[in-house]
Amino acid sequence: SFMSEAQEISIGRELDAQVRQEMGLYENNELQRYVQDLGMQLARSSQRPNLPWSFAVLDSPAVNAFALPGGFIYITRGILPYLDNEAQLVGVLGHEIGHVTARHSAQQYTRGMGASLGVLVGSIFVPQIRPFGDLAEGGIGVLFLKFGRDDELQADALGAEYAAAGRWDPEQVPAFLTTLARIAETTDRNGVPNWLSTHPQPENRAERVGETVKKVRATAADGGAWTVDRDGYLARIDGIVFGDNPEDGIVRGNVFLHPPLRFALEFPEGWDITNSDEQVVAQEPGNKVFMVLRTIEQARGQPGALDRVAQEHMRKSGYKQ
C-alpha cells in the first residue's frame with residue numbers, strides 16, 4: 001500500500017458516507033450503541049488506537065462483516081443471529097479491526113482502485129448489470145474483493161489477541177469461524193456477498209487460530225474468568241429482522257412484493273431480480289433487457305437515470321449515436 005495514514009482516513013470517511021447511504025443502517029439505536037461500544041473497547045487495545053474508529057450495523061440480510069481503510073467497521077444484521085454469544089461478536093469485530101491495523105484494507109483498496117477513484121455506487125447492488133459500473137475498478141465494490149490467505153490468518157490471530165486483552169474468551173474465535181464455514185458461499189439479493197465470498201477459508205484455519213488462542217490464554221495476566229455472555233447477547237438481538245426486510249420489499253422467485261406499499265410485480269420466469277432499499281432491478285437472461293423500478297422521490301433525484309443506463313448499455317454493445 002502506498003497510501004499514508006491520512007489518506008487512509010480520508011478515503012475511509014468518503015466511502016463511509018456512501019456505505020451508510022447506499023446500504024443503510026439497521027434502525028435499532030440500542031444495538032448500534034452496543035456494537036460501537038464493544039468495537040471501541042477492542043480498538044483501544046489495538047496497534048492503532050488513535051484512528052477515528054467507527055462501528056455500525058448495516059441493514060442487510062447478508063452474513064458478513066467488512067472494514068474500510070482508516071478504521072470504519074461494518075457488520076450486517078444478517079450475521080448476528082449466527083453468532084452464539086458476545087465473545088463471538090467480539091471475535092468478528094476484532095478480526096475486522098485486524099484487517100485495518102495490519103493495513104490489509106488499505107492494500108486491498110490500493111490493488112482494487114489503481115488510479116481510478118470514480119464509480120457509480122449503485123453498481124454494488126446490481127453486479128450483473130454492467131452499465132452501472134465495474135465493481136473491480138472502484139468505489140465500495142473493492143470492499144468485496146477477497147483477502148489473501150495470509151491476511152485472513154493474521155486477522156484471525158489479531159482478533160483473538162484483542163479479545164483476550166479485553167478478557168473475552170478467545171476460544172470463541174475458532175468457534176465462530178467453524179460456524180461461518182458451514183454457511184454456503186452465496187450472494188444475497190442486495191448484491192452483498194456472504195462471509196466466505198470475501199473471507200476465504202484457508203486450510204486448517206480454525207486449528208491455526210487455535211494455536212494463537214492457547215498462547216494468549218497462557219500469557220494473559222490473571223484477571224479472573226473469561227467473558228462469554230451468551231444470555232446478554234441473545235437478549236440484545238432478540239427481535240432482530242432475519243432475512244429480507246419487508247419494509248424494503250421481498251423477492252420470492254420471480255415476484256417482487258412490497259407489503260407497506262401494497263403491491264406486487266411478477267416478472268417473466270428466469271429473470272434475475274435484485275432488490276435494495278432504493279431500487280429494484282430485473283434483468284432478462286443474457287443482459288439484453290432490464291427494468292429499473294424506483295419511487296417517484298428517487299426518480300426525481302436522478303432524472304433520466306434509466307435513459308442513461310440504456311444509452312450506456314447500447315454504447316458498450318457497439319451502437320453509435
Requested in this report: Show the residue pairs that are 6+ apart or on different chains and have beta-carbon atoms under 6 Å apart, the first residue being within region 214-239 and modelled with pLDDT of 80 or more, the second being open to solvent by 50 Å² or more (accessible area, probe 1.4 Å) and assigned to a helix (DSSP H, G or I).
Outcome: Val216/Glu161
**Report entry** Any pair with Cβ under 9 angstrom, 6 or more apart, that starts in region 246-272 at a residue that is open to solvent by 60 Å² or more (accessible area, probe 1.4 Å) and ends at one that is hydroxyl-bearing (Ser, Thr, Tyr) and outside any helix (DSSP H, G or I)
**Finding:** Leu261/Thr295
Query raised in the report: Can you name every residue in region 146-175 that is of a type in the set (S, T, N, Q) and open to solvent by 40 Å² or more (accessible area, probe 1.4 Å)?
Result: Gln154
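Within region 15-26, is there a residue that is closer than 21 Å to Arg77 by Cα and open to solvent by 70 Å² or more (accessible area, probe 1.4 Å)?
For region 15-26, residues closer than 21 Å to Arg77 by Cα and open to solvent by 70 Å² or more (accessible area, probe 1.4 Å): present.
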Requested in this report: Specify which of the listed residues (Phe242, Phe263, Phe267, Phe256) is within 19 Å of Tyr26 (Cβ to Cβ) and out of contact with any Cys (no Cβ under 7 Å at 6 or more places or on another chain).
Outcome: Phe242
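Residues are listed down the side, and each one gets a yes or a no for (1) at pLDDT 85 or above; (2) under 22 Å from Thr101 (Cα atoms); (3) in a loop (DSSP other than H, G, I, E, B):
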{"site": "Gly141", "(1), (2), (3)": "no, yes, no"}
{"site": "Asp156", "(1), (2), (3)": "yes, yes, no"}
{"site": "Phe176", "(1), (2), (3)": "yes, yes, no"}
{"site": "Ile183", "(1), (2), (3)": "no, no, yes"}
Report task. Answer yes or no as to whether Asp84 is modelled with pLDDT of 95 or more and within 16 Å of Ile240 (Cβ to Cβ). Result -> yes
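The values are calculated or read from the model by the stated rules, or taken from the named source; none is laboratory data. As the structure is a prediction and not an experimental result, all values here were calculated from the model. Note: ideal-geometry Cβ built from the backbone for every residue, glycine included; neighbour counts use all protein chains shown. These area figures cover heavy atoms from the full protein model, side chains too; ligands, DNA and RNA do not enter into them. Shrake-Rupley method; radii C 1.70, N 1.55, O 1.52, S 1.80 Å.
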